[in-house]
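**Student:** Structure incoming, see below.
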Amino acid sequence: MTIPALAPDEGKAAVRGALTRYRTIAYIVGVVLILLVVIGMPLKYIWGQPAVVQGIGPAHGFLYMVYLIAAFDLGRRANWPLKRMLLVMLAGTVPFLSFYAERVVTTRWVPAPAPAEHQPTH
């Protein structure tokens, strides 16, 4: 069974949609991981208050799974090599790195849409 190829415009739209989903979840995962590391871990290990880690930890775990799916989907649609896809997937495990990875993906690894031709109106 073969998967039918997308028309060029459909392929670009699919990559743009995957990029939007990836960017959204990358920001969410980054913020949740920072909350976990900067607030949750000190509360748990310095002051013995594990409540934040108990709440945010599982949420981050679930959101990271969504991040992995979004990164895989984007990489597949943008025809990335496996190494690039894995590096982007791992970026969600290091605080602040998901923000950097999102920026690199958006500006370097996903081709920008071609500028629309200016059509004079009469």
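**Student:** Label A14 and R76 with points 7 Å out from Cα along Cα→Cβ: what is the distance between them in nm?
**Tutor:** With each label placed 7 Å out from Cα toward Cβ, I get 0.9 nm.
**Student:** What ranking do R23, R76 get, fewest neighbouring Cβ atoms within 10 angstrom at the top?
**Tutor:** Details: R23 17, R76 13.
In increasing order of surrounding Cβ atoms, one gets R76, R23.
**Student:** Of the listed peptides 91-100, 24-33, what is their order by residue-averaged count of other C-beta atoms within 10 Å, with the highest listed first?
**Tutor:** Working: 91-100: 17.1, 24-33: 19.8.
Sorting 91-100, 24-33 by mean packing, highest first, produces 24-33, 91-100.
Rule-based calculations on the coordinates, nothing more; no lab input. Predicted model, so just to flag it, every value in this text is computed and none were measured. Because the Cβ atoms are built from the backbone with ideal geometry, glycine has one as well, and the counts that use them run over all protein chains shown.
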